[in-house]
Amino acid sequence: MGSLAVTGEVMLQMSFDDFQKQTTLMTNCTLLWKELSDHFTTLEQNLKKKSEAIQEKIQSLANETKETLDVLTEREVTIEGNVKIEIGKVEKRKEAALFAFENEDTQVFDDGVVNLLGKLKSFCVKMDFSGFWKFVIVRKKELDVLRVQIPLALSDCIDPAKFVLEAISEVFPVDKRQVKSDEKTIDLGWACVLLLESLIPVVADPVFGNTRPMVTPTMKKRAQKIADVWKDSLDQRGGIENVKTPDVHTFLQHLVTFGIVSKEDGIFYRKLVLSSAWRKQMPKLAVSLGLGDNMPDMIEELISKGQQVDAVHFTYEVGLVDKFPPVPLLKAYLIDSKKAATSLMEDPNNGKAAHLAGRKEQSALRAVIRCIEEYKLDAEFPAESLKKRLEQLEKTKVEKKKPVVVPANKRTRANNNGGPMPPAKAGRLTNAAYVSSFPASTTTYIRSPTHVPYPAGVPTYTYDNRATGPAMYGSRSPPCVRDPYGYSPEHSSPVMMTSPFTGPALSYPAYGGYGNGVPVYQQTYYR
């Protein structure tokens, strides 16, 4: 009986163990099934989302294709009508030109804006591009008026595109002027850009506007050949790094005006734009050159080079203000300019250090104030303290330029014993040459120091006398400096515009953690 009881108990335990194993197996199978079910459900949902995304892309491409085909159809349909319109304009211009030649002796123009337009039109009607060019280049002071009047005058040309190309051919693509070795050539890039910009509304398509300039195939080929000549001669100009900004501006405007922008040259255009980024028109030209998608990287590069003011103008042009807040950029630029001025003052061999440092600071202040006013940033960055500091610097400069008058009866000279000598006789000063101790005014622009790339998030920056400069834009701002650039006239030291022989040296507050060497300073923004 005992053995049977033991055997029954063992069998019961074995059955219970087997039941537990089965239960565990069922539980594992249930969990595995649920996991597999969730996995396949997720895959199904992902496939569904991807399928929907693909369908949306297909639909979007279909819509774009339809729009493109409609545009092409419309372009093809409108070409004939536009050609008729242009032929009619040419006939009218031809008649006007013949009438002008017949009545040339009776044309009299007086001074004034209205008569300025009459003179310009007279050149255009006669296709006298040489006279037109000479007339324009001596009127740089009337640039604002010319910018309005020249497009109106070019409308009377039989062939406006040819007229402009012939007019600027003296200096673009290659300067053909004969200049003696001891003479300095006058920059006429402003005139080339003015004519090229003025040509855009004249040759704009009646239907598609500036996107399709109404230029004859012959003139378009000629414009392309001119662009190729400029590119081929770039090495003779010192390469992209050394080519003059007016030349770059003229070349890029030439491409946009005649619609000969090449997608394959995108990298080349980008380098040219960044090399002359301080020009006011460069942001718009960059977009017209098809560089809109590259703008974030270009802005990052400008910031890394210390060209924060230029970066601000680019951000507003392409609507990237949220990604690159302008106020921290401007404050960082002011700190860098202060550092550049301090580095100049630390050079013991530079007798004009105070003068140059003052120029740098004034240039930086003007650029920042201009940005604040142009983009309405007063609420975030009040410019009053900056304006006061600028007035203080300008006042100091004016005071230091005043000559020191020494009365004749107060004049003293040292004798051999070290004592004062009696006043010199008037006759002794007859042949004396006056030597000014004030150095000639020179303007030298250097860029501010290079920086690390601009981060995605920028901490709040309190810009007053109690603030401590935060770690902004990587390593560019001082890690722990109080009052990094508080423009308070009571606390700031005025720049002494003095010579090496008079006046105390300017003392700028020290900045820690910047390293050695003279940093580069950003150029004044072009206007």
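The values are calculated or read from the model by the stated rules, or taken from the named source; none is laboratory data. Note that the structure is predicted; figures quoted are calculated from it, not measured. Cβ coordinates were reconstructed from backbone atoms using ideal geometry, including for glycine residues, and neighbour counts include every protein chain displayed. Protein only, heavy atoms only, side chains kept; ligands, DNA and RNA dropped before computing areas. Shrake-Rupley method; radii C 1.70, N 1.55, O 1.52, S 1.80 Å.
If a paramagnetic tag sat 7 Å from the Cα of Thr73 along the Cα-Cβ line, which residues of the stretch 189-209 would have the backbone N under 18 Å from that point?
Of the residues in the stretch 189-209, 208 have backbone N under 18 Å from the label point off Thr73.
Quick one: if you stick a label point 7 Å off each Cα along the C-beta vector at Lys141 and Glu300, how many nm between them?
My value for the distance between the label points is 4.8 nm.
Please report the accessible area of Glu142 (heavy atoms, 1.4 Å probe, ligands and nucleic acids excluded) in Å², nearest 10.
Glu142 has an accessible surface of roughly 70 Å² with all protein chains in place.
Run the numbers for Ser60 and Ile267: contour at 0.36 nm per residue of separation, minus the present Cα-Cα distance, in nm.
71.7 nm
Determine the shape class of the stretch 11-59: with a ≥ b ≥ c the square roots of the Cα gyration tensor eigenvalues, call it rounded for a/c under 1.5, and otherwise prolate if a/b is greater than b/c, oblate otherwise.
It comes out prolate by the Cα gyration axes.
Describe numerically, in nm with one decimal, the distance between label points set 7 Å from Cα along Cα→Cβ at Lys323 and at Lys284.
Roughly 2.3 nm, to one decimal.
Between the stretch 260-324 and the stretch 156-211, how far is it from one alpha carbon centroid to the other, in angstrom?
Taking the Cα centre of the stretch 156-211 as reference, the centre of the stretch 260-324 is 24 Å away.
State the dimensionless ratio Rg/Rh of the stretch 166-250 (Rg: radius of gyration of Cα atoms; Rh: Kirkwood radius).
Computed over Cα atoms, the ratio is 1.03.
Within 10 Å, count the other beta carbons around each residue, average over each peptide in 229-240, 36-47, and list them highest first.
229-240, 36-47
Net charge near Ala167, counting Lys/Arg +1 and Asp/Glu -1 over other residues with Cβ under 15 Å of its Cβ?
Net local charge, Ala167 excluded: +2.
Given 10 Å bins starting at zero, what is the percent of C-alpha pairs of the stretch 130-198 in each, up to the one with the largest pair distance?
Result returned by the calculation: 18, 54, 22, 5, 0.
Please give the net charge around Gly290, taking every other residue with its beta carbon less than 12 angstrom from that of Gly290, where Lys and Arg add +1 and Asp and Glu add -1.
After counting each charged neighbour, the total is -1.
For a quick check of your reading of the filter: which trypsin sites (Lys or Arg not before Pro) in the stretch 342-391 sit in a DSSP loop and have no more than 11 other Cβ atoms within 10 Å?
Lys376
Treating the beta-carbon of each Lys and Arg as +1 and of each Asp and Glu as -1, no other charges, what is the dipole magnitude of the stretch 271-368 about its Cα centre, to the nearest 20 debye?
In total the dipole reaches around 420 debye.
Report the gain in length on full extension from Asn242 to Thr185: 0.36 nm times residue separation, minus Cα-Cα distance, nm rounded to one decimal.
Taking 0.36 nm per residue and subtracting the Cα distance, the gain is 18.8 nm.
Express in Å², to the nearest 10, the accessible area of Met26 obtained by rolling a 1.4 Å probe over the protein heavy atoms while all chains stay in place.
Counting only protein heavy atoms, the figure is 120 Å².
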